[in-house]
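Before any comments, here is the structure.
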Amino acid sequence: MRSLDYPCPMDGGNSSDGRRQGTGQVIPLATAVTDARYCFQGQGAKYLVHDGLRLLCAGRERCLPGFHVARTDFECVLVEFVIDGKGKLRSEGVTHDLFPGMIFSYRMNMAHDIWTGPRESMTKYFAAYEVVKSSAPPEEPDLTLAIAPGVVRWMRDIATMQTLFEGLISDGQLTGKLHQEITALYLELILLKASEAVLPSASQLTAGAEAYERAIACIESDFARITTLDDLGARISLDPNYICRLFRRFGQETPNQCLTRHKLNRAVELLLTQPTSVSDIAMKVGYSDPYYFSRVFKKRFGCSPRAFRDIAYKNAKTKGPDVLAIVDDPIAADD
């Protein structure tokens, strides 16, 4: 991905939305957007105040080419997440490229500009919120929960964040105390997930992120045929040591942990759905030695594959559903 080189409209460019927002707006919405969905929960109608996160507004919008919004004074905290297209953010004097997976936050009265180029559009989610204590006025959020305002991070797991934001908007469009509590939980999950995002340096972001994506995609599609880090490196033409550095920079686990996780998750699916032996399942997920597979499985799940299947079968039988017929297992894998 190349760096986006178009200027901020407030620096002399043109904009179809080039207005500056300010004057203490509680929920600072932008114009020059399309395909928008919003929910408004904490403004207007009476809000049931309770301790915790209080959603004010959330939405999804596609910013049109030439979009620009500049905010200088508002009474909430916002978090935004890009899922498609390209744009730019300037916050605290620093300009950042925005593209899918970028997530950023800004607090009350933190001046910032967001814009797209004359031929670029960008789709993003946002949530405006505050932290409420019933005995005190709204205050800034606990920054151990969210990404720090002014920080721009990158997340690989776009699909999960998209699901969380969609749930936030859907429940935020409903009324009642229950839905207010549900949206608070959605918001907490979004902020917790955001706190896991990585902060790569600008010079390493583009090439490194793309290489990491290739490694992840290869593991997800070919984990059963990959047995070592060297195998992975050969498939994507990357040095194994470089792959390890990528996982430290962009991920939450090592390449081997990621590979093992995919193998064992698939093994669990096969154990619960296929009447075949542990030996056969080990081979199907890429373990030539069924005894080694059983040791790895037990370390991860606390019991052997055979015991795992027996427990699941007994639980299902107790609750009534008809389950698969479990074949005799030639591998005594309880140790």
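Quick notes on this one:
- 3J(HN,Hα) from dihedral phi, segment 239-244, Karplus parametrisation 6.51/-1.76/1.60, rounded to Hz, x for glycine, proline: 5, x, 5, 5, 4, 4
- Between the amide H of Met102 and those of Val82, Met155, distances stay under 5 Å, these residues lying 5 or more places away or on another chain, with hydrogens modeled in the peptide plane.
- Long pairs among Lys124/Lys263; Lys177/Lys314; Lys86/Lys193; Lys193/Lys314; Lys193/Lys263; Lys88/Lys177, criterion Cα-Cα beyond 31 Å: Lys124/Lys263; Lys177/Lys314; Lys193/Lys314; Lys88/Lys177
- Residue-by-residue Karplus 3J(HN,Hα) for segment 151-159, coefficients 6.51, -1.76, 1.60, Hz, glycine and proline x: 8, 10, 10, 10, 10, 7, 7, 5, 4
- The charge dipole of segment 203-319, taken about the Cα centre with unit charges on the Cβ atoms of Lys, Arg (+1) and Asp, Glu (-1), comes to about 660 debye, rounded to the nearest 20.
- Added length on full extension, which subtracts the Cα-Cα distance from 0.36 nm per residue, Ala312 to Thr227: 27.8 nm
- Close amide H partners of Gly85, meaning residues 5 or more places away or on another chain with modelled amide H under 5 Å apart, are Thr123.
We did not get these values from a lab; they are worked out from the coordinates using the rules stated. The structure presented is a predicted model; accordingly, all values stated were derived computationally and were not measured. Here Cβ is always computed from backbone atoms with ideal geometry, including for glycine, and neighbour counts include all displayed protein chains.
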